[in-house]
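J.: Shown below is the structure under consideration.
The values are calculated or read from the model by the stated rules, or taken from the named source; none is laboratory data. Small disclaimer: the values here were computed from a predicted structure and weren't measured. Cβ coordinates were reconstructed from backbone atoms using ideal geometry, including for glycine residues, and neighbour counts include every protein chain displayed.
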Amino acid sequence: MSAVPPSPDTSRSLALDVMRGLTVALMIVVNMSLSEQLSYGQLLHARWHGFTLTDLVFPSFLFIVGAAMAFSLERSAQAGRGVAFARVLRRSALLFGCGLLLYYFPFVQAAPDGGWMLRPLATARIPGVLQRIALCQALAAAVLLWGGRRGAIAYSVIALLGTWAVLLIGGDLTLAGNAARRLDLWLFGAGHIYQGEGLPYDPEGLLGTFAATVHVLAGYGATRWLRAAPTRSLAPLVVVGATAVGLALAWNALLPINKKLWTPSYGLLTIGLDGLILAALTTLIDRRGWRRGLWVWQVFGMNPLAIYLLSEVGNAVLWLTPVHGSSLMEWLYQRGFQSWAGDKPGSLLYALAYTGACWLPGWWLWRRGIVVRL
């Protein structure tokens, strides 16, 4: 018997599509930050302990990955656990590879003799956003296929409490001395992890991936619960979400909310918030039939990976293209937005304009019913 039984309702949830689209759009906006000085605080990650709107983006994407698995995994599981897991592994491997290529782009750099040379692999980053999504997706699928609901609950408890124990025992909670950094330095080496924190430290490292997988399981569980009885009261989902937020805030006194460490208190907070957001969107869209203007967000939600990759490659090209002694990105910001809107408002307007530019090819795909899948 399959560990992932089919649900009575197989319809697609527009609320989930909109939630995915909103998440992708916000992800692009915050990734277009020119600098800390030119961005509003809520469009930047918390420097260390703390929480901002930006810190909700990545866990929300993982939550949505789990929600999508509630539709796809059960179909694959009908062919057998091994077949279903092989399909997930294939997608995860391709996604991991896309992440590696994305961070290695543009593949070449200036050579000492004035020519061009391949970027050295010795400094290629191994962890990353897409890489973490890939690992979380594969690990969640294994837990669900062979452990079912009980396995998912057991894994979630062990992952959250285990991460807490490792962080407390394996180091302190500072940037330099935390256990997650020590693990990544030992496993990958200093040259293969993120360098943007002032020292080698990767916010998408291995330790946090185990706790991040709980978001995928939570999204899967919430969506399965909704699909099992589409007209049931959403009160239990609201209660669970609010309880998770309350527990996270209480836990914060012992283990600070920290996105870059992906502390379990941060995990509970964002899972709770995502549950509340899902309940609100389900009420407005799937239950009360609100449809006006939602197609805008469906465009982002239909092809999230393609639009995200396009945004990241385009951003890199803008940074690397020289124009009058600065990058094309800075030139566009200064001439097109800063000159009349000011520093921070101009930066936000530039980010929104760039997000709109990424939306256009997504709209072209949406109009033709094309979905880019791995």
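J.: Please go through region 194-209 and pick out each residue that is more than 14 Å from the chain's Cα centre (by Cα) and under 23 Å from residue 244 (Cα atoms).
T.: Step one: of region 194-209, the residues more than 14 Å from the chain's Cα centre (by Cα) are 194-202, 206-207.
207, the sole residue that qualifies.
J.: With the requirement that a residue be touching a residue at least 60 places away in the same chain (Cβ under 8 Å), outside any helix (DSSP H, G or I) and of a type outside the set (Ser, Thr, Tyr), what does region 162-194 give you?
T.: Within region 162-194, 173, 175, 178, 188, 193 meet the criteria.
J.: Exactly one of (1) in a helix (DSSP H, G or I); (2) aromatic (Phe, Trp, Tyr); (3) over 26 Å from residue 360 (Cα atoms) is unmet by residue 51. Its number?
T.: The failed condition is (1).
J.: Residue under question is residue 310, and the condition is that it be touching a Pro at 6+ places or on another chain (Cβ under 8 Å), at pLDDT 90 or above and assigned to a helix (DSSP H, G or I); does it hold?
T.: yes
To keep it simple, each residue is scored yes or no on (1) farther than 24 Å from residue 58 by Cα; (2) surrounded by 13 or more Cβ atoms within 10 Å (Cβ to Cβ); (3) modelled with pLDDT of 90 or more.
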| residue | (1), (2), (3) |
| --- | --- |
| 95 | no, yes, yes |
| 103 | no, yes, no |
| 111 | yes, no, no |
| 117 | yes, no, no |
| 120 | yes, no, no |
| 135 | no, yes, yes |
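J.: Restricting to region 9-37, name every residue that is crowded, with 19+ Cβ neighbours inside 10 Å, over 18 Å from the mean Cα position of the chain (by Cα) and either over 21 Å from residue 287 (Cα atoms) or of a type in the set (Asp, Glu) (or both).
T.: 34, the sole residue that qualifies.
J.: Examine region 61-81 for a residue that is at pLDDT 90 or above, crowded, with 20+ Cβ neighbours inside 10 Å and not in a helix (DSSP H, G or I), and state whether such a residue exists.
T.: Taking every residue of region 61-81 in turn, none turns out to be at pLDDT 90 or above, crowded, with 20+ Cβ neighbours inside 10 Å and not in a helix (DSSP H, G or I).
J.: Moving on to the next point. Taking the options 374, 328, 352, 360, name whichever one is touching a Pro at 6+ places or on another chain (Cβ under 9 Å), among the hydrophobic types (A, V, I, L, M, F, W, C) and surrounded by fewer than 16 Cβ atoms within 10 Å (Cβ to Cβ). It would help to see each step written out before you state the result.
T.: Numbers: 374 fails: touching a Pro at 6+ places or on another chain (Cβ under 9 Å); 352 fails: touching a Pro at 6+ places or on another chain (Cβ under 9 Å); 360 fails: touching a Pro at 6+ places or on another chain (Cβ under 9 Å).
From the options 374, 328, 352, 360, the qualifying one is 328.
J.: Determine whether region 253-264 contains at least one residue that is exposed (fewer than 15 other Cβ atoms within 10 Å of the Cβ), among the basic types (Lys, Arg) and either touching a helix residue (DSSP H, G or I) at 6+ places or on another chain (Cβ under 8 Å) or over 18 Å from residue 126 (Cβ atoms) (or both).
T.: There is no residue in region 253-264 that is exposed (fewer than 15 other Cβ atoms within 10 Å of the Cβ), among the basic types (Lys, Arg) and either touching a helix residue (DSSP H, G or I) at 6+ places or on another chain (Cβ under 8 Å) or over 18 Å from residue 126 (Cβ atoms) (or both).
J.: So which of 209, 231 ends up being over 18 Å from residue 272 (Cα atoms), touching a Lys or Arg at 6+ places or on another chain (Cβ under 9 Å) and crowded, with 19+ Cβ neighbours inside 10 Å?
T.: Numbers: 231 fails: crowded, with 19+ Cβ neighbours inside 10 Å.
The unique qualifying residue is 209.
J.: Can you tell which of 319, 297, 225 is touching a residue at least 60 places away in the same chain (Cβ under 8 Å) and either in a helix (DSSP H, G or I) or over 29 Å from residue 211 (Cβ atoms) (or both)?
T.: Working: 319 fails: touching a residue at least 60 places away in the same chain (Cβ under 8 Å); 225 fails: touching a residue at least 60 places away in the same chain (Cβ under 8 Å).
Within the list 319, 297, 225, the selection yields 297.
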